[in-house]
Amino acid sequence: MKPAIQFNRVHKNFGELQALNGIDLTIPQGEFFGLLGPNGAGKSTLINILAGLLKPTYGTASVMGHDVVSDYQAARMALGVVPQELVFDPFFNVREMLRFQAGYFGRGRENDAWVDEILEGLGLTDKAHTNMRKLSGGMKRRALIAQALAHKPPVIVLDEPTAGVDVELRQMLWEFIKKLNREGHTIVLTTHYLEEAETLCSRVAMMKQGEIVALDSTANLLNKFAGKNLRLVLGNAPLPAPLLSMLKSGEHGVYMLALSHLSQVEFALSELRKANVQIEDMQLIEPDLEDVFMSLVGSASHRNDDLIIQS
Amino acid sequence: MSLMNQKWRGTYTLFKKEVLRFWRVAFQTVASPVLTALLYLLIFSHVLASHVQVYENVPYTAFLIPGLIMMSLLQNAFANSSSSLIQSKVMGNIVFILLTPLSYLQFYMALLAAAMIRGLFVGFVIYLVALFFVDLPIVHVGWILTFAVLGSALLGTFGIIAGIWADKFDQMAAFQNFVIMPLTFLSGVFYSIHSLPPFWQVVSKFNPFFYMIDGFRFGFFGKGDVSPWLSLVVVIGFLLGLAWVCLKMLKSGYKLRG
Ligand SMILES: Nc1ncnc2c1ncn2[C@@H]1O[C@H](COP(=O)(O)OP(=O)(O)OP(=O)(O)O)[C@@H](O)[C@H]1O
Ligand SMILES: [Mg+2]
């Protein structure tokens, strides 16, 4: 079976800036894939190359086995892209936009049932006849997603689809996208909500400065790069010196210790007992993608300040 | 569904969207240019009718109307494709088109056809309204249609080029004011170029707008400043040249695909 998406040594330069630096990536059909990385890592650039909005400086990309340059028509037929920017056409209403979008791909009235399904799935049914200009920001985002799906593409790429949408829509959106995934659509998603990627994506690539720095199943990444944490509340007592090497953060008597192995809990407790420190509270915290993310891309970049990390 | 069918439907959809885009705001895109043309007609014919006689047996008001029709037709064909492109570039919604399998040729055909429809429609409405004011002969309907179609195609193409080139609305306005307007006013809409000093006669002969208007007017009166065949050759030449430039730009993805 052909891979849904393939990148071969893709480079992209904007003048001096190397936005992508040799990306190799294969995403098999049916996968729910996450593309993560700090601002400016090159996620959108990679997606835009796939969509034909940008030309690679070097390298090739394909969708369902169709090269995005030499066989662009077949490639774009198979691809639905939700752009990151919230764009809309102020002249038309939601249903008209969806009909147009399907029409560009050669689909006509026979596609209307599918359009209704999208409207329903994204909670847009009662906005179908509302002009795009009059939709709220979150509603515009839904319409943008709907437009990408209008021609029922087997491969769907969503570039931060949940930026600026409320919790309710996020749930609704993910239910709908998960359903599409179960029906066989390949899904690629970029998001700054790491928790989202963790629960949805079976595999994740982390990008940093135009390169993929980690690529694995979500479970493996969690095991490999993020051990469990031990959260201790010690009141006024200081942390015993032997434990300082494990310290991740600590203030006001609340300390977070990184565990590379579970047996370290034993060690921590015995050190505390030796130092005669009273434990007020103690908690074992499961790792999350945030930790993986921080250990891979956090150190060298201050630009990930604006990552939104849900807790 | 066959590939041919699918392509046809894609092109037709884009064409339809482009037509609806101006039709939804017809007050601004059709009614307003018609009104402008009528104001020109009223003022110029009133002021100049007793002073100017361009062709024998042709009253100035009648002489003026084909020029005004063609001027509006050309300006509106240009306005349609150029403003559609610049708007969707500035708004960013051009990605909806760029993400589709539509080829550059389909894109060109759809935008061009919509621009021609608007130009021709505005021209036709002005013609109908003008009939209330003057008797306008039609000597060669074939020439009239030929130059109307070629003129709208030429300016529709020019509009696409300008729309791709411009990044901002003020660049587009500059294009309108420094290229389109002078070319229109120095083309013989309001006068025969034979009434100009020799220098400006020569200059006018390098202006493609002159040939479009002169050939178009020939269809009404059977008279013109130059032979309609010469105009035809010049206009087709310019159209092919501009279409070639436009398709080159679209094919390379200039300013549309980085
Ligand atoms: N059209 C462009 N011209 C010049 N530089 C660009 C262009 N598009 C992107 N860049 C640069 O390329 C780099 C990668 O940008 P990109 O948009 O791909 O990042 P991203 O990973 O999507 O970030 P974000 O999370 O903020 O969306 C950035 O340094 C950006 O400034
Ligand atoms: Mg981005």
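Here are the numbers:
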read-out: Test: residue in the range A:69-80 that is within 14 Å of chain B (Cβ to nearest Cβ), buried (at least 22 other Cβ atoms within 10 Å of the Cβ) and within 16 Å of ligand 2 (Cβ to nearest atom); value: no
read-out: Some residue of the range A:122-134 being closer than 20 Å to A:ALA4 by Cα and buried (at least 20 other Cβ atoms within 10 Å of the Cβ); value: no
read-out: Single unsatisfied condition, A:HIS252 versus (1) modelled with pLDDT of 85 or more; (2) at positive phi; (3) open to solvent by 40 Å² or more (accessible area, probe 1.4 Å); value: (1)
read-out: Near pairs, Cβ below 6 angstrom, 6+ apart or cross-chain, from the range A:75-97 (within 13 Å of A:ILE145 (Cα to Cα)) to any residue that is of a type in the set (Phe, Trp, Tyr); value: none
read-out: Criterion (buried (at least 20 other Cβ atoms within 10 Å of the Cβ), in contact (Cβ under 8 Å) with a residue 24 or more places away in the chain and among the small types (Gly, Ala, Ser)) met by exactly one of A:ALA258, A:ALA237, A:ALA197; value: A:ALA197
read-out: Top-ranked residue of the range B:133-160 - restricted to ones that are part of a helix (DSSP H, G or I) and over 30 Å from B:LYS251 (Cα atoms), ranked as most open to solvent (accessible area, probe 1.4 Å); value: B:LEU145
read-out: Failed item in (1) more than 30 Å from B:PRO228 (Cβ to Cβ); (2) in contact with a helix residue (DSSP H, G or I) (Cβ under 7 Å, 6 or more places away or on another chain), with B:ASN93 passing the rest; value: (2)
read-out: Number of the exception - A:GLY106 against (1) among the small types (Gly, Ala, Ser); (2) open to solvent by less than 20 Å² (accessible area, probe 1.4 Å); (3) within 16 Å of ligand 1 (Cβ to nearest atom); value: (3)
read-out: Residue match in the range B:85-97 (condition: within 12 Å of another protein chain (Cβ to nearest Cβ) and at positive phi); value: yes
read-out: Pairs, first within 24 Å of A:LEU50 (Cβ to Cβ) in the range B:245-258, second open to solvent by 60 Å² or more (accessible area, probe 1.4 Å), C-beta under 6 Å, six or more apart; value: B:LEU250/B:TYR104; B:LYS251/B:TYR104
read-out: Number of the condition not met by A:MET97 [criteria: (1) within 14 Å of chain B (Cβ to nearest Cβ); (2) under 24 Å from the mean Cα position of the chain (by Cα); (3) not hydroxyl-bearing (Ser, Thr, Tyr)]; value: (2)
read-out: Residue satisfying all of: in the range A:204-234; buried (at least 19 other Cβ atoms within 10 Å of the Cβ) and more than 29 Å from the chain's Cα centre (by Cα); farthest from ligand 2 (Cβ to nearest atom) among these; value: A:LEU234
read-out: Cβ-Cβ under 8 Å pairs, at least 6 apart or on other chains, the range A:283-311 side closer than 17 Å to A:LEU200 by Cβ, far side at pLDDT below 50; value: A:GLU290/A:ILE309; A:PHE293/A:ASN304; A:PHE293/A:LEU307
read-out: Single residue of the range A:140-196 satisfying the filter (in contact with an Asp or Glu (Cβ under 9 Å, 6 or more places away or on another chain) and β-branched (Val, Ile, Thr)) that is farthest from ligand 2 (Cβ to nearest atom); value: A:THR186
read-out: Scope the range B:80-100; condition part of a loop (DSSP other than H, G, I, E, B) and touching a residue at least 40 places away in the same chain (Cβ under 8 Å); matching residues; value: B:ILE94, B:THR100
read-out: Unique match (being more than 10 Å from chain B (Cβ to nearest Cβ), within 16 Å of ligand 2 (Cβ to nearest atom), open to solvent by 10 Å² or more (accessible area, probe 1.4 Å) and within 30 Å of A:GLU198 (Cβ to Cβ)) among A:GLY59, A:GLY30, A:GLY40; value: A:GLY40
read-out: Pair list, Cβ < 9 Å and 6+ apart or interchain, from the range A:159-184 residues that are under 23 Å from A:ASN39 (Cα atoms) to residues that are part of a loop (DSSP other than H, G, I, E, B) and of a type in the set (D, E, K, R); value: A:ASP159/A:GLU85
read-out: Residue among B:ILE180, B:ILE213, B:ILE236 that is farther than 30 Å from A:TYR72 by Cβ, aliphatic (A, V, I, L, M), open to solvent by 30 Å² or more (accessible area, probe 1.4 Å) and touching a residue at least 60 places away in the same chain (Cβ under 8 Å); value: B:ILE236
read-out: Subset of the range A:100-117 (residues that are in contact with a Leu (Cβ under 7 Å, 6 or more places away or on another chain) and more than 7 Å from chain B (Cβ to nearest Cβ)); value: A:VAL115
read-out: Within the range A:1-51, strands (runs of 3 or more DSSP E) holding 1 or more residues that are more than 24 Å from A:THR162 (Cα to Cα) and more than 8 Å from ligand 1 (Cβ to nearest atom); value: A:5-14, A:17-27
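The values are calculated or read from the model by the stated rules, or taken from the named source; none is laboratory data. Treat the numbers as computed from the prediction; the structure is a model and nothing was measured. For neighbour counting, all protein chains shown are included, and Cβ atoms are generated from backbone atoms with ideal geometry for every residue, glycine included. Accessible surface areas use protein heavy atoms only, side chains included; no ligands, DNA or RNA. Shrake-Rupley method; radii C 1.70, N 1.55, O 1.52, S 1.80 Å.
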